[in-house]
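Just so it is clear, none of the values below were taken in a lab; they were calculated from the coordinates. Here the structure is a predicted model, which means the values were calculated and not measured. Here the Cβ positions follow ideal geometry from the backbone for every residue, glycine too, while neighbour counts run over all protein chains shown.
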Amino acid sequence: MRQIDLGGRDLSRRDRTFVAAALTVIVVLILLRSGLERGAPSGEAVPWVDYPADLQPRIERLVGANDCAGLRTERVAAEASNRSVLQRTGHDNARLIAYLSDHLQASRC
């Protein structure tokens, strides 16, 4: 078995595998963090409890299917109902609209 000399210390194959796995985890965490900082779509920000119970599952199905037309329809409906939602709940549809827009952009619609 060939070993690598690293500053006077030899790494066995098992050690190299461990280092490679650790580096992979670090890279994945960095990529996830950068995705969150860019404003990746997050349903947590949408106050789903203030909307009809079927809205979130319906939108998630559209997202899963990359249904651009369906997502656009939901965004238009959210924009149209903005005032009534504001009067009913005390908040507008800005977070829902942003969520839909983010998914439209992520799906390259």
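May I ask you to list the trypsin sites (Lys or Arg not before Pro) in the range 43-109 that are in a DSSP loop and have at most 12 other Cβ atoms within 10 Å of their Cβ? Each step should come with its number before you reach the end.
On the way: sites: Arg58, Arg61, Arg72, Arg75, Arg83, Arg88, Arg95, Arg108; in loops: Arg108.
Sites meeting the loop and neighbour criteria: Arg108.
Which value does Rg/Rh take for the range 43-106 over its C-alpha atoms, Rh per Kirkwood? Could you put the intermediate results ahead of the total?
Values: Rg = 11.0 Å, Rh = 11.8 Å.
Reported Rg/Rh (Cα atoms, Kirkwood Rh): 0.94.
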